[in-house]
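J.: Here it is, the structure, as C-alpha cells.
The values are calculated or read from the model by the stated rules, or taken from the named source; none is laboratory data. Keep in mind it's a predicted model, so treat the numbers as computed, not measured. Neighbour counts are summed over all protein chains in view; Cβ atoms, including those assigned to glycine, are modelled from backbone coordinates with ideal geometry. Heavy atoms of the whole protein, side chains included, go into the accessibility calculation; ligands, DNA and RNA do not. Shrake-Rupley method; radii C 1.70, N 1.55, O 1.52, S 1.80 Å.
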Amino acid sequence: MESVKELLVLLVASSLVSNVVLSQFLGLCPFLGVSKKTNTAAGMGVAVIFVITLASAVAGVLNKFVLQRFQVEYLETIVFILVIAALVQFVEMFLRKAIPSLYKALGVYLPLITTNCAVLGVALTNVQKEYGIVTGIVNGFATAVGFTIAIVILAGIREKLEYNDIPKPFQGMPTVLLTAGLMAIAFCGFSGLL
C-alpha cells in the first residue's frame, strides 16, 4: 500500500509533469477535435475522467484477480479494450438521456473515447509499473485530470484566437498545432516540481 505522500506525488506527476497529451502525446484526436469551445472541452474532460478512473479500477481488479490468477496476462489488451468500450457505452447512454446538448456537442468524439489511446495507455501503464489497485486508480484519475486541464486550456485559447487577425495560411489547424506545441513546452516547466 502506497503512502499518502507517494500518492500525492503520483497525482502531481501524472496530471502535470507527465501530462498524457502534452508530454506523452496520447489522446490527441479528442484533444484537437473537441477543443473548440470550453463547455464542450470541459464535458469531454469529465467524460474522460469518469472513463479513465473507472477503467483503471476495473482493469486493476481484473488483472489482479482474473488475468494473473489464471496466468492469462497476454489477454490484458483485449480485456482492457472491452472494459473501456463498455464504460464508454455507459457514458454515451447517460449523456444521451441526461445532457442531450453535451451529447450532441461531443458528437463523434464521444465514441472515440473507446479508441482513445490515452485510456488504454493508462490501463497498460498501471500493469507495466505494477501499480496496486488504489495506486492505479489514483494514476488514472490524475492522468484524466491532466487531460482535462490541457483540453480546457487549449479550448480557452482557441476561443480567444477566433477574434484575432491571423494570416490565412495559419488559420485553423496550423495555429492549433502551434498552440499545442507551445503548451507542451510550457508544461515541461512542471518537470522541476518533482
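J.: Can you pull out the chymotrypsin sites (Phe, Trp or Tyr not before Pro) in region 121-194 whose DSSP state is coil and whose Cβ has at most 10 other Cβ atoms within 10 Å?
T.: Filter output for region 121-194: Tyr163.
J.: Share of the chain's accessible area from carbon and sulfur, percent, 1.4 Å?
T.: Carbon and sulfur atoms account for 69 percent of the accessible area of the chain.
J.: Continuing with the same structure: Among Leu75, Leu32, Leu22, whose mean-square fluctuation peaks in a Gaussian network model of the chain (Cα, cutoff 10 Å)?
T.: Leu75
J.: May I ask you to give the solvent-accessible area per residue for the chain, in square angstrom, as obtained with a 1.4 angstrom probe?
T.: Roughly 54 Å² per residue, with all protein chains present.
J.: Further, regarding this structure: For a 31 Å ceiling on Cα separation, which of these pairs sit above it: Lys5/Lys104; Lys37/Lys168; Lys5/Lys36; Lys37/Lys64?
T.: Lys5/Lys104; Lys5/Lys36; Lys37/Lys64
J.: Note the full-extension length gain between Cys188 and Leu75 as 0.36 nm times their separation in residues minus their Cα-Cα distance, in nm to one decimal.
T.: 37.2 nm
J.: Could you work out the percent of alpha carbon pairs in region 106-193 separated by over 14 Å, rounded to a whole number?
T.: 75
J.: Hey, another quick one. Using label points projected 7 Å from each Cα along Cα→Cβ, tell me how many nm separate Lys5 and Phe170, to one decimal.
T.: 4.7
J.: Treating only the Cβ of Lys, Arg, Asp and Glu as charged (+1, +1, -1, -1), what charge dipole size does region 95-194 show about its Cα centre? Round to the nearest 20 debye.
T.: It comes to approximately 280 debye.
J.: With r defined as the distance between the Cβ atoms of Leu28 and Phe65 and R0 fixed at 30 Å, what FRET efficiency is calculated, to the nearest 0.05?
T.: With a Förster radius of 30 Å, E is 0.35.
J.: Shifting gears a bit: How about region 14-54: which chymotrypsin sites (Phe, Trp or Tyr not before Pro) there are in a DSSP loop, with at most 15 other Cβ atoms within 10 Å of their Cβ?
T.: Hits after loop and neighbour filter: Phe25.
J.: Taking the Cα centre of region 23-135 as origin, sum charge times position over the Cβ atoms of Lys and Arg (+1) and Asp and Glu (-1), and report the length of that vector in debye to the nearest 20.
T.: The calculated dipole for region 23-135 is roughly 380 debye.
J.: Something else about it: How large is the charge dipole for the chain, taken about the Cα centre, if only the Cβ atoms of Lys, Arg (+1) and Asp, Glu (-1) carry charge, to the nearest 20 debye?
T.: Here the size comes out at about 400 debye.
J.: Can I ask one more? Kindly provide the helix-only [θ] at 222 nm of the chain, computed as the sum of -39,500 (n - 2.57) over DSSP H runs of four or more divided by all residues, to the nearest 500 deg cm²/dmol?
T.: Computed ellipticity for the chain at 222 nm equals -21500 deg cm²/dmol.
J.: Kirkwood Rh, the chain, all Cα pairs: how many Å?
T.: It works out to 17.3 Å.
J.: First check a/c for region 110-149, with a ≥ b ≥ c the square roots of the eigenvalues of its C-alpha gyration tensor; if it is under 1.5, answer rounded, and if not, answer prolate when a/b is larger than b/c or oblate otherwise.
T.: Oblate is the answer for region 110-149, as a/c is 1.5 or above yet b/c matches or exceeds a/b.
J.: Right, another one. Please work out whether region 6-120 counts as rounded, prolate or oblate from its C-alpha gyration tensor, where a ≥ b ≥ c are the square roots of the eigenvalues and a/c under 1.5 means rounded, while otherwise a/b larger than b/c means prolate and anything else oblate?
T.: Cα axes put region 6-120 in the oblate bin.
J.: Next question, about the same structure. Explain nothing, just the number: relative contact order of region 52-194, from Cα pairs under 8 Å at least 6 residues apart, as a whole percent.
T.: About 31 percent, as a whole number.
J.: Let me ask another. Hey, got the Cα dimensions of region 1-71 along the principal axes, in Å, largest first?
T.: Taking the Cα atoms of region 1-71, the three principal extents are 45, 29, 20 Å.
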